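Written out below as structure tokens is the structure these notes cover.
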Amino acid sequence: MKTLALLVAFAAGAIAATPTYNKDIAPILYQNCAGCHRPGEVAPFSLLTYQDTAKRAALIASVTKARVMPPWKAEPGYGEFRDVRRLTDEQLALIQQWAANGTPEGNAADKPAPPKFTDGWQLGQPDRTLTIPAKFAVPADGPDVYRCFVIPLNLENAAYLTALEFRADNRRTVHHALVFADISGLARKKAAASPDGGYTCFGGPGVPAGLVGGWAPGITPRKPIAGYAATLPKNTDLVLQIHYHPSGTAAQDQSSVGLFFGDAPTKGRSLVLLGSQDIDIAPGDAHFVLRASQMLPADAELVGITPHAHYVCKDMKVNAILPDGSTRPLIWIKDWDFNWQGAYTYADPVKLPKGTRIELEYTYDNSDKNPRNPAHPPVRVTYGEQTTNEMGLAFLSFAFPTPADATAFQRALYAAR
Ligand code: HEC
């Protein structure tokens, strides 16, 4: 009996040999890091070779252990999402052991082929490509720059947008982008005075325009889904809101957006904005709670959620309270970071029956202890779209069998508000 136990222990020891770069670490990094950590991408250095990786082993071990990298803010167990960027406990342990054991390279034969990435448009050649009118200059340092560029579509007829791909020109300075469709003509007016076709904007475009797409590091553009399209009326102007982060050297950017058109939609989509403007946070208040809720007037399928706040927000929770009283968590972000905005798509649409109440609860820390607080010492923070203001909302994207169902849902929702 004793011999057997010893043998088993010995065998287990042999399996848990020191992990090597070629066999254990390269596959993890190729799959989870290389999308951003390769030349021309958003991350500040590449992680494609043994040399690149080994010299940063200690830092890699510590940022992965703290789950700072890969960046993914949604807490596991609160909503099941697609394209989750999260290492398994086993992968984390392998990285720790490899770093602690002198970063052995291992046997060259074990090394997987480096990943292949498509350059250019990920969804294929767009039907229409729009580029911001002129190169935009981003200074080497100083505060982040938020610019809204207005691009008239000059459509001859209404068009049906099935997919949209934003292509950042200079990925070292473009932090993220949101694309809005404006039919009010107000964005165009705001931009009229400036030669670059843009105006300064933070948070939103500052005009009543609908969100039609966006881009953040690591987000793969969504392929068209059969039956769905956003209708763009004839007079639509696109507003590209780009958040630039000075990268240490003066930079220029001229980003583009590719549009894919198709047939009129046969299925319905509805974007619901859940949130509150009831924000007034005293300086030093480390626990300000914002609540908002919305009753669903009909059965609906939730396909995605995009939480949004600014710098002093800490914790974001959105739950669905079903008519039977049970709670279904939709998302929980415990350590919100304005720099990692994410659009989260559910692995399977969440079916929510009529009478479900969606509840939002966001917590803000406006004290000195919050390292992300832009003000030192803290100042009073109120609702608004400036960097120094706060917001608290979630975009909820619902799917319906037909466009008429989506319209009826939207009407019932506003009637009940
Ligand atoms: C979605 C894009 C993205 C992915 C995926 C990603 N990173 Fe990063 N990484 C960044 C960016 C951007 C930075 C620069 C710092 C920042 O903006 O947060 C960074 C910074 C780092 C740093 C430097 C941190 C510091 O404190 O200086 C390390 C180390 C790192 N990443 C390792 C990894 C590893 C290991 C993985 C995969 C397990 C990974 N990253 C996945 C985008 C990414």
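Tabulated data for the structure shown
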| read-out | value |
| --- | --- |
| Residue selected from segment 314-342 under the condition in contact with a Pro (Cβ under 9 Å, 6 or more places away or on another chain) and part of a strand (DSSP E or B), by the criterion farthest from residue 284 (Cα to Cα) | 320 |
| Verdict on residue 60 being assigned to a helix (DSSP H, G or I), at pLDDT 90 or above, under 30 Å from residue 332 (Cα atoms) and more than 24 Å from the chain's Cα centre (by Cα) | no |
| Residue in segment 30-43 that is assigned to a helix (DSSP H, G or I) and under 18 Å from the mean Cα position of the chain (by Cα) present | yes |
| Pair list, Cβ < 6 Å and 6+ apart or interchain, from segment 62-87 residues that are assigned by TED's automatic domain parsing to the domain that holds residue 350 to residues that are assigned to a strand (DSSP E or B) and hydrophobic (A, V, I, L, M, F, W, C) | none |
| Residue tally, condition crowded, with 19+ Cβ neighbours inside 10 Å and modelled with pLDDT of 95 or more, over segment 306-316 | 4 |
| Whichever residue in segment 328-342 is within 13 Å of the ligand (Cβ to nearest atom) and buried (at least 16 other Cβ atoms within 10 Å of the Cβ) and, among such residues, is modelled with the lowest pLDDT | 341 |
| In segment 62-87, the residues that are hydrophobic (A, V, I, L, M, F, W, C) and either more than 9 Å from the ligand (Cβ to nearest atom) or surrounded by fewer than 16 Cβ atoms within 10 Å (Cβ to Cβ) (or both) | 63, 66, 68, 74, 81, 84 |
| Check on residue 93, within 16 Å of the ligand (Cβ to nearest atom), surrounded by 16 or more Cβ atoms within 10 Å (Cβ to Cβ) and within 30 Å of residue 62 (Cβ to Cβ) | no |
| Scan of segment 24-47 for residues that are more than 9 Å from the ligand (Cβ to nearest atom) and under 16 Å from residue 118 (Cα atoms), ordered by number | 30, 38, 39, 40 |
| Tabulated pairs, segment 194-223, first within 16 Å of the ligand (Cβ to nearest atom), second β-branched (Val, Ile, Thr) and part of a loop (DSSP other than H, G, I, E, B), C-beta under 7 angstrom, 6+ apart or interchain | 217/42 |
| Complete set of residues in segment 243-270 that are within 27 Å of residue 225 (Cβ to Cβ), in a loop (DSSP other than H, G, I, E, B) and under 23 Å from the mean Cα position of the chain (by Cα) | 255 |
| Of residues in segment 343-355 being assigned to a strand (DSSP E or B) and within 16 Å of the ligand (Cβ to nearest atom), the one nearest to residue 373 (Cα to Cα) | 344 |
| Test for residue 194: is it modelled with pLDDT under 90 and under 20 Å from residue 139 (Cα atoms) | yes |
| Residue list for segment 116-136, filter: in a loop (DSSP other than H, G, I, E, B) and either β-branched (Val, Ile, Thr) or exposed (fewer than 15 other Cβ atoms within 10 Å of the Cβ) (or both) | 116, 117, 118, 119, 120, 122, 124, 125, 127, 132, 134, 135 |
| Residues satisfying the stated conditions in segment 361-384, i.e. among the acidic types (Asp, Glu) and either outside the structural domain of residue 344 (by TED's automatic domain parsing) or surrounded by 16 or more Cβ atoms within 10 Å (Cβ to Cβ) (or both) | 361, 365 |
| Candidate set from segment 386-401 (those that are assigned to a loop (DSSP other than H, G, I, E, B) and out of contact with any Pro (no Cβ under 9 Å at 6 or more places or on another chain)); member that is modelled with the lowest pLDDT | 386 |
| Breaking point among (1) touching a His at 6+ places or on another chain (Cβ under 9 Å); (2) crowded, with 17+ Cβ neighbours inside 10 Å, for residue 52 | (2) |
| In segment 64-114, residue nearest to residue 302 (Cα to Cα) [restricted to those that are small (Gly, Ala, Ser) and not in a loop (DSSP other than H, G, I, E, B)] | 74 |
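The values are calculated or read from the model by the stated rules, or taken from the named source; none is laboratory data. Quantities reported herein were computed from a predicted structural model and do not represent experimental measurements. When we count neighbours, we look across all protein chains shown, and the Cβ atoms used for this are built from the backbone with ideal geometry, even at glycine.
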